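Asker: Here you go, one structure.
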Amino acid sequence: MVTLVKSICPYCGVGCGLILEVEGNKIIRVRGNPEHPDNKGKLCGKGASAHIPIYSPDRLLYPLKRDGDKFVRITWDEALDEIASKIMDIINNYGPDSIAIYGGCQNTLEETYIMGKLARFLGTNNVDSCARVCHEPSAMALKEMMGIGGSGVSVEEIPRAKVIVIAGESLTESHPVLVDYLLEAMRRGAKIVVIDPRKTPTARLADLHLQVRQGTDIYLFNAIANYLISNGLYDRDFVKARTVGFEDYAKAVSEYGLDDAEKITGVPRELMIEFARLISQKPVIFSWGLGLSEGGGVNAVRAYLNLALLTGNVGIDGAGPLVYRGQSNVQGSGDFLKPNAFPGGLPMNEESALKLRDVWGFTPPTKPGKTVTDALLKDDSIRAMIFFNFNPAHSMPNKAKVIERLKKLDLLVVVDAFMTDTAKLAHYVLPTAMWAEEEGSVVSLDRMVKWRFRAVNPPGEAKTTLEILSDLTSRFNLLVPKDPKIIFEEMVRVAPWYSRLRLEDVMDHSKNSRYPAGELVLYKDRFLTSDGLGHFKIVHYKPRGPVDGKFVLITGRVVTHFNTDTLTGRDEKLPKLNDVVYVNPADMARLGIKDGTKVIIESDCGMAEAIAKASNDVAPGSLFIINSTNIVNYVVCDQLDEESRIPLYKSTYVTIKPTQ
């Protein structure tokens, strides 16, 4: 007998609704849920075969403990007793800030919430998630400038827009289901603008492609702002009534002219003028992806959002900021697991700590903790780390440095379904259930909170992440229910942004359950900042290159693979990933590199071998490598954005040469 179970896709942040067909404790088919508000029954290729990796023969089945160069099987009680004992020994010897808990963005909200609660119970704010390495700059800029660190407009509003700007993102590769929205908007007459240093498939769809030089976005946005202001093309009424800081901002951008912008960014003057005139209309959606956040950090996002405020394209139907987040719960993970904020947007201060004490029964510390990037790349004070479904040995830049850092830990615990690069370095590896084998809520890129229902049981002795957390916390006398519904109700009591959510709406896949109150468009009447106003932020362009004789290495996604390739690499329906570097043909000719031959790419941090492939999509002076490859982060350096601490993955300068 086939039973139908509703779930949410484990891949990108669109959060597509799924219907899982289950027979005999096995998922036999995945199809789209036509009732879901965002995907309306449609799926991409990855989503349609999302169940296949669940049945990979190399699933972890039992708890493992390192014994020299190998792992040995132990019981759950042995593993958790030993881990808890070692954590307490480290705390007693070195203090609570010597431990850290870091979570991936496939974990549910409830699991993520409990990770933070456990760390604070143990006395530290050393918590973070993989949201740090993708859209922390976006969350920071959105929160300080508009009020909430998430999208201000829903994907459902895309067809209503007159203009859709897409910066640093190729929807066709990263969020394919959203291409249908884009095409519908185009059928209604919308203009599409793509800002990207590569000629991506999405750029080919666009009416206007601004092929900006990598790292010069801030100059471009400031010059456009100056043009809008100088020519009276900005929304004076909106700026006067609903924003603060305009006068200082206008003065700051007045030094950015289009002529200089053309020289610096490589974008022709006439295209910049066309872009400015397009965004002076309404409604306009300003959307972006990793190209902006990982390319220029928080200041690049601020400069971009300034344009939305300047043109009054916030708080109206079919307009606003839309951030293309890349994992099924990266929005929720960023909302709930930060080292400098309490769950769900609570500021990290004494007042918030006292509010949490009323719910938690203990007072959390208020000293900010260390980001996962600082802990692995810039600091060595943390002696014990627990990673829940997070594979930093693959995903972090300067991979050799990260591996050495992990090897030196007194205690490394990895909770995962597979023996990942990080798990191979661990002292203990705990097998966890995968997305269809557990239940709980996740948050989409447009703030939609939806419930994943458990469809099948995990294999062997694998447990859900919440069960593992509950069993571990009990060793410290912190009692945590194993029922995610109970955790959800506690969570919404604590998190201001989530406080109006109802569990029955989250479980109903046909309902709009976006936080804070189901808005498709935020900020219609007021911004959710402390003064109710939108805040202009002054940012200035700081040149980072070019470096003589070197190329800028850009990393990015491809539609058939996902992040560290842990899941897609185990899906036989998808093509295997090859180590390829894409090079402009003119650069290949100049360097004597032949198409299809091996080359060495080298940076200040490391080197890697790859096959060179000619591509006119890549601008001269730049290279492109898919970010899922195992080689790329040996080369990408660990330069961090000063404020958000995100690695600037798309700004490493490298050399390339044929192998001898």
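The values are calculated or read from the model by the stated rules, or taken from the named source; none is laboratory data. Just so it is clear, the model here is predicted, and its values are computed rather than measured. Backbone-built Cβ (ideal geometry, glycine too); neighbour counts: all protein chains shown. The area values use the complete protein model at the heavy-atom level, side chains included, leaving out ligands, DNA and RNA. Shrake-Rupley method; radii C 1.70, N 1.55, O 1.52, S 1.80 Å.
Asker: Please list, ordered by residue number, the strands (runs of 3 or more DSSP E) wholly in segment 26-103 having 3 or more residues that are open to solvent by 50 Å² or more (accessible area, probe 1.4 Å), closer than 30 Å to residue 410 by Cα and out of contact with any Asp or Glu (no Cβ under 6 Å at 6 or more places or on another chain).
Answerer: 64-67, 70-73
Asker: Looking only at segment 239-263, which residues are open to solvent by less than 50 Å² (accessible area, probe 1.4 Å) and under 32 Å from the mean Cα position of the chain (by Cα)?
Answerer: Correct list: 239, 242, 243, 245, 246, 249, 250, 252, 253, 256, 261.
Asker: Filter segment 308-358 down to the residues that are without any contact (Cβ under 8 Å) to a residue 12 or more places away in the chain, part of a strand (DSSP E or B) and touching a Ser or Thr at 6+ places or on another chain (Cβ under 8 Å) and list them by number.
Answerer: Hits for segment 308-358: nothing passes.
Asker: Among the numbered criteria (1) over 14 Å from the mean Cα position of the chain (by Cα); (2) over 21 Å from residue 250 (Cβ atoms), which one does residue 303 miss?
Answerer: Evaluating residue 303 over (1) over 14 Å from the mean Cα position of the chain (by Cα); (2) over 21 Å from residue 250 (Cβ atoms) leaves (2) as the failure.
Asker: Let me ask you something else. For segment 618-633, how many residues meet the condition of being in a loop (DSSP other than H, G, I, E, B) and either without any contact (Cβ under 8 Å) to a residue 40 or more places away in the chain or crowded, with 17+ Cβ neighbours inside 10 Å (or both)?
Answerer: 7
Asker: Separate question: Kindly check whether there is at least one residue in segment 229-238 that is open to solvent by less than 10 Å² (accessible area, probe 1.4 Å) and either modelled with pLDDT of 95 or more or in contact with a Cys (Cβ under 8 Å, 6 or more places away or on another chain) (or both).
Answerer: No, that holds for no residue.
Asker: In segment 558-603, what residues are among the β-branched types (Val, Ile, Thr) and more than 29 Å from residue 420 (Cα to Cα)?
Answerer: Result: 583, 593, 597.
Asker: For segment 324-334, indicate whether the set of residues that are in contact with a Phe, Trp or Tyr (Cβ under 9 Å, 6 or more places away or on another chain), over 30 Å from residue 367 (Cβ atoms) and not polar (S, T, N, Q) is non-empty.
Answerer: yes
Asker: More than 24 Å from the chain's Cα centre (by Cα) and modelled with pLDDT of 95 or more: does that describe residue 505?
Answerer: So residue 505 fits the description; yes.
Asker: Among the residues of segment 333-346, count how many are at pLDDT 95 or above and either aliphatic (A, V, I, L, M) or open to solvent by 70 Å² or more (accessible area, probe 1.4 Å) (or both).
Answerer: The qualifying residues number 3.
Asker: Any idea how many residues of segment 155-177 are more than 15 Å from the chain's Cα centre (by Cα), under 16 Å from residue 17 (Cα atoms) and either free of Cβ contacts under 8 Å to residues at least 60 places away in the same chain or crowded, with 24+ Cβ neighbours inside 10 Å (or both)?
Answerer: 1
Asker: Can we say residue 460 is of a type in the set (Gly, Ala, Ser) and surrounded by fewer than 24 Cβ atoms within 10 Å (Cβ to Cβ)?
Answerer: Yes: the conditions hold for residue 460.
Asker: When only residues in segment 363-393 that are closer than 20 Å to residue 425 by Cα and among the basic types (Lys, Arg) count, which is surrounded by the most Cβ atoms within 10 Å (Cβ to Cβ)?
Answerer: Among those that are closer than 20 Å to residue 425 by Cα and among the basic types (Lys, Arg), it is 383.
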